[in-house]
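This report concerns only the one structure given below.
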Amino acid sequence: MERPAWAPRSIDVSVPSVSRIYDYYLGGSHNFEVDREAARRAMEFMPGLPKITQANRAFMRRAVRYAAGEGITQFLDVGSGIPTFGNVHEVAQAVSPGARVVYVDHDPVAVAHSQAVLAGYEDADVVAADLRKPQEILASPQVEQLLDLDRPVALLLVAILHFVEDEDDPYAAVAELSAALAPGSLLVLTHASYEGIPLPAQRAEGAVNVYKDIRNPLIMRSRDEIARFFEGYDMVEPGLVPMPHWRPETAPEDEDPYAFSGFAGVGRTS
């Protein structure tokens, strides 16, 4: 296929990417036909996937506003994806001008577009790194220059941990990142689960198998398994809940049923 002008030369445009599939669900334009094909296959089983991604973004914006309102001025967004409307730095700086944000992703398209969006910003930057290697994130020049880890940080892990397999020990990765944070820091997290999906698990598994086929397994964890990521944190009310129920700004009963797929929560270190 023809390579778009915005696509980095280093990427294989014939291989689907979860970041670009997510971008497609959100109505973005930085995806390839191979990504759109994989997304459409997954949506044959779960037509509400775009609604789930929209609920993720809406929760992220609410959580960032909450964190900024609580006085947190530093944000580390791991698995940040391709920039779209309502990015973390835009939301945070609307509440707290001068808030500092470091984005982290391992997808070259996500990193390239983040660099383009952030050009000229002194208070935000992007790191090309992988959640599975926390020390590469923590030791990056961008984190060292922008974030003071002796002060509270909001660590965002939104729609990323369900792409880390158990064999890569996502709990250890989260614990390592958390150990570097000062007391009063927040963990902001969403995670996919079969719990809450408005269709039989066997049908939802068809969408999960699409991700397995493109070698980006989607790991569906139970609420109890997701709650383990918050060990060492005190949960912020209302706790670990379906996304529309976390400090909603509109009536949850007006939400699409798919928006309740998976869980969201915020925890605070003491």
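Points to keep in mind about this one:
- Filtered residue count, the stretch 43-78, keeping only those that are open to solvent by 30 Å² or more (accessible area, probe 1.4 Å) and farther than 17 Å from Glu255 by Cβ: 9
- So Arg151, is it of a type in the set (Lys, Arg), in contact with a Gly (Cβ under 9 Å, 6 or more places away or on another chain) and open to solvent by 20 Å² or more (accessible area, probe 1.4 Å): yes
- Subset tally (residues that are more than 21 Å from Gln135 (Cβ to Cβ) and charged (D, E, K, R)) for the stretch 164-210: 3
- Test for Arg40: is it at pLDDT 95 or above, over 18 Å from Tyr194 (Cα atoms), open to solvent by 30 Å² or more (accessible area, probe 1.4 Å) and in contact with a helix residue (DSSP H, G or I) (Cβ under 6 Å, 6 or more places away or on another chain): no
- One residue stands out in the stretch 234-270 among those that are hydroxyl-bearing (Ser, Thr, Tyr) and open to solvent by 40 Å² or more (accessible area, probe 1.4 Å): the one that is nearest to Leu156 (Cα to Cα), namely Ser270.
- First in the stretch 169-198 and open to solvent by 20 Å² or more (accessible area, probe 1.4 Å), second anywhere and of a type in the set (D, E, K, R) and modelled with pLDDT of 95 or more, Cβ under 7 Å, 6 or more apart: Tyr171/Arg228; Gly184/Arg268; Glu195/Arg223
- Hey, Gly69 within 17 Å of Val188 (Cβ to Cβ) and at pLDDT below 95 or not: no
- Residue list for the stretch 112-136, restricted to those being open to solvent by less than 60 Å² (accessible area, probe 1.4 Å) and either touching a residue at least 60 places away in the same chain (Cβ under 8 Å) or over 25 Å from Ala175 (Cα atoms) (or both): Ala112, His113, Ser114, Leu118, Asp123
- Just one of the listed residues (Val101, Val109) is open to solvent by less than 10 Å² (accessible area, probe 1.4 Å) and outside any helix (DSSP H, G or I), and it is Val101.
The values are calculated or read from the model by the stated rules, or taken from the named source; none is laboratory data. Please read all numbers here as calculations on a predicted model, not as lab measurements. All Cβ positions, even for glycine, are placed from backbone atoms using ideal geometry, and neighbour counts span all protein chains on display. Ligands, DNA and RNA are stripped out before the accessible areas are found, and what is left, the full protein with its side chains, is counted by its heavy atoms. Shrake-Rupley method; radii C 1.70, N 1.55, O 1.52, S 1.80 Å.
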